[in-house]
Amino acid sequence: MPDTCRLLDSGLHGAAHNIALDRALLAAHRAGQAPDTLHFFRFTPCAVVGYHQSVAQEVHTDYCRAHGIEIQRRLSGGGAVYIDEGQLVWELYLRRARLPGADMRAVAATVCGAVAEALRGLGVDARFRPRNDIEVDGRKLSGTGGVFEGDTILYQGTLLLRFDAERMLRVLRIPAEKHARRGFGSPRERVTSLAELLGEPPPLATVQAALAAAFADTLGVRFAPGRLSAAERAEHARALREIDSPEWVRAVDRPAGEAPQQEVIHRCPAGLIRVGVALDLPRLRLRQAWLSGDFFVRPRRVVADLEAALRNVAMDEVPAIVQAVLGRDGVDLMGLRPADFSVALQRAMAVGNDATELKY
Amino acid sequence: MATVRGCYIPEDLYYDVERQTWLRREPDGTATVGLTAYACLLAGRFVACSPQRPGKTIRKDKACATVESGKWVGPARSPIGGQVVAVNEALARNPGLINDDPYGDGWLVRLQPTDWAADSVGLVTGDEALREFEVRMEADGFQGL
């Protein structure tokens, strides 16, 4: 008889409510007062930055204020996202021993593999893409992140049932729309949703049942519907006071000027490579890169793989990452070399050089 | 130089093996705290580190810093209670130092211990530390480098 874990569905709420609930569930689990749990919920429209991100660098706060979009900071890492009712959040609270291996990358691969399996059952060809995405043909369908607290793991992801790309571009401080106008690939091509892939997303209950079945199978457990305990409700109220405050949301305060976005067009004999980069100058990090141009590569998705591998890395690691992704067996760059992409990226990252700074 | 399953474990440091932190007593009575090489290996490359602010007093087992690797966030839990007297400013610019030199340039915070005698009970060092790491790695299913 497999272990029974709790299944929670807390429904649709604002960002502060949801993130405070994460804090409460994490605290109760770590204290040994809560069972391993699968939790589903959704957000009313909000911009949510990663734990170590600065709102000023990631979000168009004026737009959010004018349109009633809540701004919050989550417990897990990674990048800023726009979330609304069209996304389902799934998250697991687990003792580490539930998952094979202690390596956090292996944990992410196991959990994301289960999500991909569930989505394949719904009729889309979903795959885990390291480090943290679930994608269909190079386009992100679910982004994920985690928290480790002693023997407790929280791993969570947003699954895009529907996705409002226009709204995302207005909420988040990404230059992608300018890139699209200048001939860069549109951010719409980087993301997809069940609605886009299937015409109409399956009912929420069907998606949740598929995810629960895949997690149960992967973890060797069964899930039974449950409720919050009195201790969790009390902790939620306490956490909400902390998290529903500017001190929490803006705990990381870095000026937008430290995070410039630049682009360059790099011509080489076999093609033209357009590169846009978002930088973190004081930390010498590449936050994100966008690649497009008139080149052809096979398989086509390798560009998306490279963009995913270049998220939040040290600038001096870029050539090695480019080589690792583009030098893989089976990748055909049609006359371009990995070094051409490295040089293009290095030109785009160079400050005061020939890259164009983007204003927005 | 002692290693356990390929992870460097200096024998002259104190360890909290459950929380994967190390501690070194300094000649001035303060204690330097960091993450073990094993913790770094499991977490992957760190991309952010936010230490507690100097002057703040933290209790044993509370976070002395929060670290992020990939998209994982977690606390580095202090093996003792104390007041933060210094933080490693270099990590703000280069959190990968924690991976590159976990027992040296990648230190996290320096504490003025509140009650060393009480809090250090349960910390291990030398051969005892190596044995505890072996037990922990076996329990984790860590095959070694």
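Structure above, values below:
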item: Count of the stretch B:22-44 residues which are out of contact with any helix residue (DSSP H, G or I) (no Cβ under 7 Å at 6 or more places or on another chain) and within 14 Å of chain A (Cβ to nearest Cβ); result: 4
item: Positions within the stretch A:98-109 being of a type in the set (A, V, I, L, M, F, W, C) and at the interface with chain B (Cβ under 8 Å from one of its Cβ atoms), in sequence order; result: A:Ala102, A:Met104, A:Ala108
item: Residue match in the stretch A:110-118 (condition: polar (S, T, N, Q), in a loop (DSSP other than H, G, I, E, B) and in contact with a helix residue (DSSP H, G or I) (Cβ under 9 Å, 6 or more places away or on another chain)); result: no
item: Residues within the stretch A:248-285 that are over 18 Å from A:Arg311 (Cα atoms), of a type in the set (D, E, K, R) and not in a loop (DSSP other than H, G, I, E, B), tallied; result: 1
item: Residues located in the stretch B:45-69, provided they are under 15 Å from B:Ala90 (Cα atoms), among the polar types (S, T, N, Q) and more than 9 Å from chain A (Cβ to nearest Cβ); result: B:Gln52
item: Flag if B:Gly122 is more than 12 Å from chain A (Cβ to nearest Cβ) and either crowded, with 16+ Cβ neighbours inside 10 Å or assigned to a helix (DSSP H, G or I) (or both); result: no
item: Given (1) among the charged types (D, E, K, R); (2) surrounded by 16 or more Cβ atoms within 10 Å (Cβ to Cβ); (3) within 12 Å of chain A (Cβ to nearest Cβ), number of the condition B:Glu138 does not satisfy; result: (2)
item: The stretch A:110-127, residues that are in contact with a strand residue (DSSP E or B) (Cβ under 6 Å, 6 or more places away or on another chain) and either within 14 Å of another protein chain (Cβ to nearest Cβ) or among the aliphatic types (A, V, I, L, M) (or both); result: A:Val111, A:Cys112, A:Val115, A:Ala116, A:Leu119, A:Val124, A:Ala126
item: Criterion (at pLDDT 95 or above and assigned to a strand (DSSP E or B)) met by exactly one of A:Leu94, A:Leu26; result: A:Leu94
item: Top-ranked residue in the stretch A:286-319 [being in a loop (DSSP other than H, G, I, E, B), in contact with a strand residue (DSSP E or B) (Cβ under 9 Å, 6 or more places away or on another chain) and over 18 Å from A:His266 (Cβ atoms); ranked as farthest from the other protein chains (Cβ to nearest Cβ)]; result: A:Pro299
item: Answer residue from the stretch A:136-166, given it is among the acidic types (Asp, Glu) and touching a helix residue (DSSP H, G or I) at 6+ places or on another chain (Cβ under 7 Å) and is farthest from A:Tyr51 (Cα to Cα) among those; result: A:Asp151
item: Residue check, A:Phe223 assigned by TED's automatic domain parsing to the domain that holds A:Val89, at pLDDT 95 or above and under 25 Å from the mean Cα position of the chain (by Cα); result: no
item: Hits in the stretch B:37-60 - residues which are in a loop (DSSP other than H, G, I, E, B), out of contact with any Asp or Glu (no Cβ under 9 Å at 6 or more places or on another chain) and not basic (Lys, Arg); result: B:Gln52, B:Pro54, B:Gly55
item: Cβ-Cβ under 9 Å pairs, at least 6 apart or on other chains, the stretch A:53-72 side more than 16 Å from A:Glu258 (Cβ to Cβ), far side among the aliphatic types (A, V, I, L, M) and part of a loop (DSSP other than H, G, I, E, B); result: A:Tyr63/A:Ile69
item: Every pair of residues 6+ apart whose Cβ atoms lie under 7 Å, when the first sits in the stretch A:120-140 and is in the same structural domain as A:Pro299 (by TED's automatic domain parsing) while the second is at pLDDT below 95; result: none
item: Residue identified as surrounded by fewer than 19 Cβ atoms within 10 Å (Cβ to Cβ) and either over 18 Å from the mean Cα position of the chain (by Cα) or in a helix (DSSP H, G or I) (or both) among A:Asp329, A:Asp340; result: A:Asp329
item: Subset tally (residues that are part of a helix (DSSP H, G or I) and in contact (Cβ under 8 Å) with a residue 60 or more places away in the chain) for the stretch B:110-119; result: 1
item: Sole residue being farther than 19 Å from A:His52 by Cβ, in contact (Cβ under 8 Å) with a residue 40 or more places away in the chain and within 14 Å of another protein chain (Cβ to nearest Cβ), chosen from B:Pro79, B:Pro95, B:Pro102; result: B:Pro79
item: Residue match in the stretch A:66-77 (condition: acidic (Asp, Glu) and in contact with a helix residue (DSSP H, G or I) (Cβ under 8 Å, 6 or more places away or on another chain)); result: yes
item: Matching residues in the stretch A:45-66 - criterion: being within 18 Å of the chain's Cα centre (by Cα) and away from chain B (no Cβ under 14 Å); result: A:Pro45, A:Cys46, A:Ala47, A:Val55, A:Val59
item: Lone unmet requirement of (1) in a helix (DSSP H, G or I); (2) among the β-branched types (Val, Ile, Thr); (3) within 14 Å of chain B (Cβ to nearest Cβ) for A:Val322; result: (3)
item: Residue in the stretch A:232-251 that is surrounded by fewer than 18 Cβ atoms within 10 Å (Cβ to Cβ) and farther than 30 Å from A:Leu38 by Cα present; result: no
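The values are calculated or read from the model by the stated rules, or taken from the named source; none is laboratory data. Here the structure is a predicted model, which is why all the values come from computation and not from measurement. Because the Cβ atoms are built from the backbone with ideal geometry, glycine has one as well, and the counts that use them run over all protein chains shown.
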